[in-house]
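Report on the following structure.
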Amino acid sequence: MAEILKAFLSSTPGIVLLFIIALTVLGIVIFLIKRLFSSSGEIGKLGLKWGSPASKNGNSIDFSQKLTLLERAFGDEYDKYILDKEDIRTQVEKELKNTQKTALTRAIEYLCLEYSKLHEDDEDFEDASLVRMGQILELYLRRDFGAIMLNRLDMIKENPLLYEKSDLELNCEVQKITDDCILSMKHKIKEYILISDTKILTKLFDIATVRIKDNIDETIKQFVKLNKDQQSRLIELNKKKNENINKRIDEIINRNSTKEA
C-alpha cells in the first residue's frame with residue numbers, strides 16, 4: 001500500500017487523482033453524516049447546517065455552500081502548489097544544464113590551451129598554422145567531446161541513486177566517467193584527418209585527465225547541491241500549501257460564528 005501511495009505522489013497526475021479520490025470520500029462521509037443526524041442538521045461545533053440556506057439576517061451559510069467553498073479552497077491551493085512545484089523544477093533543471101555547459105566549456109578551453117603549449121617548442125609550426133590547428137581542434141572537441149561528456153553527465157544526473165551515494169562512491173563515479181570520456185576521445189581522435197599529428201592529441205588527453213576529472217567532480221557536486229536545494233524548496237512549498245489550506249478551512253468554518261457574533 002505504501003509503495004502504491006509513493007507511486008501516486010511521485011507524479012503530478014497521481015497527486016491530482018489522489019486529491020479527487022480524497023474529495024469523493026469526503027463527500028460520501030459528509031453525506032452519510034447528514035443522513036444520520038437529526039432534521040436540525042447541525043454537526044457539533046463546526047456550525048455546518050443544511051436545514052435552511054440562510055438565517056433571518058442573511059449571514060448564515062448553509063452546508064452545501066460551505067462544502068463548495070472547501071472544495072474550491074483545496075482545488076485553488078493544490079493548483080497553485082502544482083504550478084509552483086513545476087516552476088521550481090524548471091528553474092533547477094535550467095541551473096543543472098548551465099552547470100554542465102560551464103564544465104564542458106572549461107574543459108575544452110583547457111584542452112585547446114594545452115594543445116598550444118605542446119607546440120611552443122616546435123619550430124616546424126608557424127603561428128598561423130598553430131592557430132588554424134587550434135581552431136580545428138576546438139570544432140572537433142565541441143562536436144565529439146561535448147557529446148560524450150554531456151551524455152555521461154546526463155546519465156548520472158538522472159540517476160536517483162546519485163543523491164544517496166557517499167563521498168567515496170561519488171569519487172569512484174567521477175573517476176569512472178573521466179576514464180570513459182578519455183578512452184572514448186582517444187578512439188575519436190584517430191578520425192581527425194584535418195589535424196596533422198593526431199599522436200600529440202593522445203598525449204594531450206593524458207595531460208588533461210586530472211583537469212577533466214576536477215571539472216566532472218565539481219559538476220557532480222553541484223548536481224547534489226542543486227538537488228538538495230530543490231528538495232528543501234519543495235518541502236517548504238508543501239508546508240506553505242498546507243498552512244494556506246488550514247487557514248482557508250478555518251475561515252470558512254468560522255464564518256457563521258463570526259458574523260453572528
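Values in this text are rule-based calculations from the coordinates and carry no lab data. Just so you know, these numbers come straight off a predicted model, no measurement behind them. Cβ atoms come from the backbone with ideal geometry, glycine included; neighbour counts cover every protein chain shown.
Loop-only GluC sites (Glu not before Pro) in region 158-204, please: DSSP not H, G, I, E or B, and at most 15 other Cβ atoms within 10 Å. Please list the in-between numbers first.
Working: sites: GLU158, GLU164, GLU169, GLU173, GLU191; in loops: GLU158.
For GluC sites (Glu not before Pro) across region 158-204 that sit outside H, G, I, E and B with at most 15 neighbouring Cβ atoms in 10 Å, the list reads GLU158.
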Most exposed to least, judged by fewest other Cβ atoms within 10 Å, ASP84, ASP79 sort to ASP79, ASP84
The residues PHE205, PHE223, sorted from fewest to most surrounding Cβ atoms within 10 Å, come out as PHE205, PHE223
GLU191 neighbourhood, Cβ < 13 Å, K/R = +1, D/E = -1, net charge +3
Going fewest to most other Cβ atoms within 10 Å around each Cβ, THR68, THR90 line up as THR90, THR68
Cβ-Cβ cut-off under 9 Å around LEU237, Lys and Arg +1, Asp and Glu -1: the net charge is +3
